[in-house]
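Worksheet for the structure shown next.
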Amino acid sequence: MTTTIAGGRAARRQTMRRIRPRRSPAVPLLLAVWAGAVGVLWLWWDNTPNVANTDSMILNAGRITGLLAGYLMALVVLQMARVPVLERWVGSDRVARWHAMSGRYTLCLTFAHVFLIVWGYALQAGKTLGDFVQQTIDLVNQLPDMGKAAIGTGLLVLIGVASVGGVRKRMPYDTWYHIHLMTYAAVFLTFWHQLTTGNEFVVNSTAKTVWYGLYGTVTALVVWYRVLTPIRLNLRHRMYVEAVVEEAPGVVSVLIGGRKLHRMGAEAGQFFRWRFLAPGMRFSSHPYSLSAAPRPGMLRITVKANGDHSAALRGLAPGTKVWAEGPYGAMTASRRSRGKVLLVAGGVGITPMRALFETLPGAPGDLTLLYRANSTQDLALWDELAKIADERGARLMYAVNSPDGERPDISAESLERKIPDIAEHDVFMCGPGGFAQSVYESLRGAGVPARRIHHESFEM
């Protein structure tokens, strides 16, 4: 049995009526981040009269790394706050990469700060580097808020270890996710010693006010967008599972009912973080894309059983309450800059592509969808895609393995043969990382500019 979601014309009326690409604010935001880092360095410089000897040099290096680590900690939390200007305009996957990179830099700066500060104080006390452990204990016991800072640093180390690629791959997603949430506790615990022991804040009340303002603003954004906004969303729309339908081997669609769901502000190509209030699933929140444009009383996600949570969706009972956060993601119609569009899907990456295939405005011949799967049996939602293609005069192609298992050719040359004017297309793409990288290289080889290849990974 498969689902059929109709109403493409109404959905298209809710998207753009003409092509109006939206510029990403990524560059201005990055410039603002660097400007903030320069401001932090100026704060150190303004409160450092001289650096006279080796002890002073080491301590001041510790101060600099500590200030930068404190600044980056605020940014790390900001990148977890689900702020719409970041999630919907910059892109969730790009923000996730920023978050991961900022976290690595924060951890390195924190290690450097601890090592340099302890070493510098040890030298001032006439000790050597061999007295590092004892000096650390003395600082924790003698300076205000250092005990909390030590616990917070330990949590940061735990989070960092859990986020290492090899460790994370072996760890259940829910375990990693809940460990990652301890970032909030780590930042809270390490914040206070910055103000009570940091020379820049002890002697400069303006700097202390600015620091309170930075962390206070970030805290307010987290509370608003990660707590209050989801509560409002779910109380207003009251979502529940209406039905679960098998679409292909190992692939199911979950139909979600509720109140005025088309007013949630979601667009084709976006995703929500879904929590199903069923036994064993209440504490799990996973990102799944919409596989159809929102309808007044219906949302749909289509999921492949790749893990315990996704496999459990098959057993959801109708009426199960649903808690959602979102919508997130920037791979929407506003990214489009050309009249012709190629949509490329790999496996279950068909879900956002199917929604875009239905809703992207275009004349007959403007839209092409290429669907990559292991076999024709794995082509989920194929009947719907064929119907959409027929109604819209769009082109629908699939690429599956040959009977002997040989992979299809999706090279630059084969793309140019099938779509001679591919260099004039915008390309929207979703699929596993290796597939996406291979297709990206083929598209670049076929002459498609990087700025017109739009891809988001939801493996977060």
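The values are calculated or read from the model by the stated rules, or taken from the named source; none is laboratory data. These numbers come from a predicted model, not from an experiment. Here the Cβ positions follow ideal geometry from the backbone for every residue, glycine too, while neighbour counts run over all protein chains shown. The accessibility values were calculated without ligands, DNA or RNA, using every heavy atom of the protein model including side chains. Shrake-Rupley method; radii C 1.70, N 1.55, O 1.52, S 1.80 Å.
One line per residue, one yes/no per condition, for (1) acidic (D, E); (2) crowded, with 17+ Cβ neighbours inside 10 Å; (3) more than 30 Å from L41 (Cα to Cα):
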{"residue": "L195", "(1), (2), (3)": "no, yes, no"}
{"residue": "Y225", "(1), (2), (3)": "no, yes, yes"}
{"residue": "N234", "(1), (2), (3)": "no, yes, yes"}
{"residue": "G250", "(1), (2), (3)": "no, no, yes"}
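Suppose we filter R259, R300 for residues that are more than 24 Å from L86 (Cα to Cα), open to solvent by less than 20 Å² (accessible area, probe 1.4 Å) and basic (K, R); which single one remains? That would be R300, the only listed residue that is more than 24 Å from L86 (Cα to Cα), open to solvent by less than 20 Å² (accessible area, probe 1.4 Å) and basic (K, R). The set of residues in segment 44-72 being in contact (Cβ under 8 Å) with a residue 24 or more places away in the chain, under 13 Å from F111 (Cα atoms), of a type in the set (V, I, T) and open to solvent by 40 Å² or more (accessible area, probe 1.4 Å) is empty.
For every residue, the table says whether it meets (1) over 24 Å from the mean Cα position of the chain (by Cα); (2) modelled with pLDDT under 90.
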residue	(1), (2)
R63	yes, no
Q79	no, no
V90	no, yes
H99	no, no
S102	no, no
F115	yes, no
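Would you mind stating whether I388 is β-branched (V, I, T) and either more than 31 Å from the chain's Cα centre (by Cα) or over 15 Å from V439 (Cβ atoms) (or both)? Answer is yes for this residue. The set of residues in segment 33-56 that are in a helix (DSSP H, G or I) and of a type in the set (S, T, N, Q) comprises T54, S56. Of the residues in segment 113-128, none is over 19 Å from N199 (Cβ atoms), open to solvent by 30 Å² or more (accessible area, probe 1.4 Å), of a type outside the set (D, E, K, R) and part of a helix (DSSP H, G or I).
Residues T209, T190: which one is in contact with a Gly (Cβ under 6 Å, 6 or more places away or on another chain), among the polar types (S, T, N, Q), over 30 Å from G257 (Cα atoms) and assigned to a helix (DSSP H, G or I)?
T190
Evaluating F201 against the criteria (1) open to solvent by less than 10 Å² (accessible area, probe 1.4 Å); (2) among the hydrophobic types (A, V, I, L, M, F, W, C); (3) in contact with a strand residue (DSSP E or B) (Cβ under 8 Å, 6 or more places away or on another chain) leaves one unmet condition, (3). Of the strands (runs of 3 or more DSSP E) that lie entirely inside segment 364-460, those containing 3 or more residues that are among the hydrophobic types (A, V, I, L, M, F, W, C) span 367-372, 395-399, 426-430.
Candidates in segment 321-338 are the residues that are within 24 Å of the chain's Cα centre (by Cα) and in a loop (DSSP other than H, G, I, E, B); of these, the one that is nearest to N374 (Cα to Cα) is M331.
For segment 148-171, the set of residues classified as assigned to a loop (DSSP other than H, G, I, E, B) and either closer than 18 Å to V76 by Cα or open to solvent by less than 30 Å² (accessible area, probe 1.4 Å) (or both) consists of V164 only. Say whether the condition of being open to solvent by less than 50 Å² (accessible area, probe 1.4 Å), without any contact (Cβ under 8 Å) to a residue 40 or more places away in the chain and assigned to a loop (DSSP other than H, G, I, E, B) is met by at least one residue in segment 311-320. Within segment 311-320, none of the residues are open to solvent by less than 50 Å² (accessible area, probe 1.4 Å), without any contact (Cβ under 8 Å) to a residue 40 or more places away in the chain and assigned to a loop (DSSP other than H, G, I, E, B). Could you identify the single residue in I388, I419 that is in contact with a Gly (Cβ under 8 Å, 6 or more places away or on another chain) and β-branched (V, I, T)? Of I388, I419, the one residue that is in contact with a Gly (Cβ under 8 Å, 6 or more places away or on another chain) and β-branched (V, I, T) is I388. Checking each residue in segment 73-112 for being touching a Leu at 6+ places or on another chain (Cβ under 8 Å), among the aliphatic types (A, V, I, L, M) and open to solvent by 30 Å² or more (accessible area, probe 1.4 Å) picks out L78, L107, L109. Report, by residue number, each residue of segment 344-388 that is of a type in the set (A, V, I, L, M, F, W, C), closer than 20 Å to D421 by Cβ and open to solvent by 10 Å² or more (accessible area, probe 1.4 Å). A363, L370 - these are the residues of segment 344-388 that are of a type in the set (A, V, I, L, M, F, W, C), closer than 20 Å to D421 by Cβ and open to solvent by 10 Å² or more (accessible area, probe 1.4 Å).
Screening D145, D174 for residues that are on the phi > 0 side of the Ramachandran plot, open to solvent by 30 Å² or more (accessible area, probe 1.4 Å) and in contact (Cβ under 8 Å) with a residue 12 or more places away in the chain leaves exactly one candidate, D145. If you go through segment 339-359 one residue at a time, do you hit one that is within 22 Å of R88 (Cβ to Cβ), free of Cβ contacts under 8 Å to residues at least 60 places away in the same chain and either among the aromatic types (F, W, Y) or outside any loop (DSSP other than H, G, I, E, B) (or both)? Within segment 339-359 (the criterion being within 22 Å of R88 (Cβ to Cβ), free of Cβ contacts under 8 Å to residues at least 60 places away in the same chain and either among the aromatic types (F, W, Y) or outside any loop (DSSP other than H, G, I, E, B) (or both)), the answer is yes, since at least one residue qualifies.
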